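Before any comments, here is the structure.
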Amino acid sequence: MPKKVLRSAVSGLVCCFMCLAAQGPVYRLLYSPPLGSNLGDLYGIFEAKPGLFYILSVWNGGATGASIFTVTSQGAFSPIYSFPQLTTMDYAVEATNGRLYGSGFAGTPPYANFYYSLDLSGKDLQEYPFPGTWGPTFNTTVAPPSQIYDLAGQVVSGQTVYGFAQVSESGQITILHQFAGSDGVPDGYTRLILGPDGNFYGIGAEQEHGISPMFIYRFTPSGAYSKLLTFPQVPGYDAFPLVAASDGNLYGTFSKGGVNGTGVIYQATLSGQLHTLASFPAAISSPRSLMQAADGNLYGTTVYNQIFRYNLTTHVITLVYQMDVGGSQGHCACILVEGMDGKLYGAAPNGGNYPGMGAVFSLDIGLPKPSPVVSGLYPPSGGDGQKVVLWGNYLLGATSVSFNGNPAQYIAVTSTQSVYATVPPTATSGPVTITTPNGSFTTTTSFTVE
């Protein structure tokens, strides 16, 4: 190619990238349920395959109950499964076996409380009844190697009693701990999260309905309960779901308080220390959701259709994108996830093309495509043919796994957090490497070949 033509081509590419950087965030409405579709009131979103997102509609006002559907990163919609009328669900997750799991209740009191699982195509529905009078509180959380955990509740003498439940992938439900006395009660608006230490964390209060003092509690996988720390008694504070960050700490938000009265971000260490990190600016008010992207920053939404960034290094909160006030782009607060393409994706429960129906959207803010991360191997040792779960994040589309440089006999990508691989006969003890289209990751700990 002549140098003049080459210089022109390079100059054109530079200009193109500069234009993309200058135009700022790019919002795209991917899907908004039409009126009468029984697909409104969206809650929860996750990526099951690169560019394929699953969304739960908790709409229960028509011919069917809650529904699950998919939307691609290009906006293609496909229904997956609709539960019977008067069936209510509040979350859906993908477990390490690649199936969808969630909980719900059906009918009129006394409700039929159940867990369910489905394959990704919406077939092979399995339902698992709760023991006794226990029922779901919609806090489903997946943990390696093959368990699901949740909070459960039952009414005893007119009072709601809560418990910590373990659910096997085959549907066996076990109540590991029952809240009583000084335990307080879990807050129904904050989901359990899996911490970097393998324990589960949530927010509770001494009495129902978030009456202060509020606190962060901890469960071990076996059900041992303790309180990590207690928040200051500040009237009017609302605490919202925690996020376990890559630095080993927990982060969360209060919807009020701070210098401007518009909310704060705090850090909770696993040793029980609480640090208020930053006050929200006056123009960014009432945070609700929070997540961490692969760039290391925290992102979240507010009740005023705002998407914000919190920089863990500079402790600065900035507005990333202001969704239209009228709600045609979707009315948040809503849960955000980062796709394998680096874009943020959200499912707004309201707004969209039709008020009250909701919207699925993407937001391109220039984040790079996330590389895979592995945080654990389950089990950490084994011999030829041993099936090992690689647990981490951004694992979708994995093309290879090797044990100390020896390719696995078989791999199966079961979720963005989990990949199965079998130990080859040539394997030796050492680190494990996984490769996706976005890059490779090698563990700092070794898998021991027995």
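Taking 0.36 nm per residue of sequence separation and subtracting the Cα-Cα distance, how much length would be gained by fully extending the chain between residue 26 and residue 314, in nm to one decimal? Kindly include the intermediate steps, with their values, before the conclusion.
On the way: separation 288, 0.36 × 288 = 103.68 nm, distance 2.48 nm.
So the chain would gain 101.2 nm between residue 26 and residue 314.
Ratio of Rg to Rh for the stretch 373-449: 0.91 [Cα atoms; Kirkwood radius as inverse mean 1/r over pairs]. Based on C-alpha pairs under 8 angstrom that are at least 6 apart in sequence, the chain has a relative contact order of 11 percent.
So for the stretch 26-364: antiparallel DSSP bridges make up what percent, rounded to the nearest 5?
Details: 111 of 111 bridges.
Approximately 100 percent, going by the DSSP bridge assignments.
Among 208, 450, the ranking by other beta carbons within 10 Å of each residue's beta carbon, starting with the fewest, stands as 450, 208.
Candidates 46, 220, 325 compared by Cα position along the dipole of the chain: farthest toward the positive end lies 325, with charges placed on Cβ. Evaluating 6.51 cos²θ - 1.76 cosθ + 1.60 at θ = phi - 60° for every residue in the stretch 113-118, the Karplus couplings come out as 8, 7, 9, 9, 9, 9 Hz, glycine and proline recorded as x. Going by Cα centres, the stretch 376-416 and the stretch 79-147 are how many Å apart? Between the Cα centre of the stretch 376-416 and that of the stretch 79-147, the gap is 27 Å. Using the Karplus relation 6.51 cos²θ - 1.76 cosθ + 1.60 with θ = phi - 60°, the per-residue 3J(HN,Hα) values for the stretch 441-450 come to 9, 10, 5, 7, 9, 9, 8, 9, 8, 9 Hz, with x marking Gly and Pro.
Once the Cα-Cα distance is subtracted from the 0.36 nm per residue extended length, the residue 276 to residue 124 segment shows a gain of 50.0 nm. Amide H contacts of residue 404: 432, 433, each under 5 Å away and 5 or more positions distant or on a separate chain (H built 1.01 Å from N in the peptide plane; Pro and chain starts excluded).
Phi-derived couplings, Karplus 6.51 cos²θ - 1.76 cosθ + 1.60 at θ = phi - 60°, listed residue by residue for the stretch 244-255: 8, 8, 5, 8, x, 10, 9, 10, x, 10, 10, 6 Hz, with x used for Gly and Pro. For the stretch 111-174, the set of chymotrypsin sites (Phe, Trp or Tyr not before Pro) satisfying both a DSSP loop assignment and a count of at most 12 other C-beta atoms within 10 Å is empty. When each of 42, 312, 100, 86 is scored by the number of other beta-carbon atoms lying within 10 Å, the sequence from fewest to most is 86, 312, 100, 42. Legend: residue pairs 227/256; 227/343; 49/369; 49/387, Cα-Cα distance threshold 25 Å; pairs beyond threshold, 227/343.
The residues neighbouring residue 417, those whose beta-carbon lies less than 11 Å from its own, together hold a net charge of -2 under the Lys/Arg +1, Asp/Glu -1 convention. When 286, 381 are arranged by Cβ crowding within 10 Å, least crowded first, meaning fewest neighbours, the order is 381, 286.
Values quoted throughout were computed directly from the atomic coordinates according to the rules given, and no laboratory measurement underlies them. Only a predicted model underlies this, so the values are computations on that prediction, with no experimental measurement involved. With ideal geometry, Cβ positions are generated from the backbone for all residues, glycine too; neighbour counts draw on all protein chains shown.
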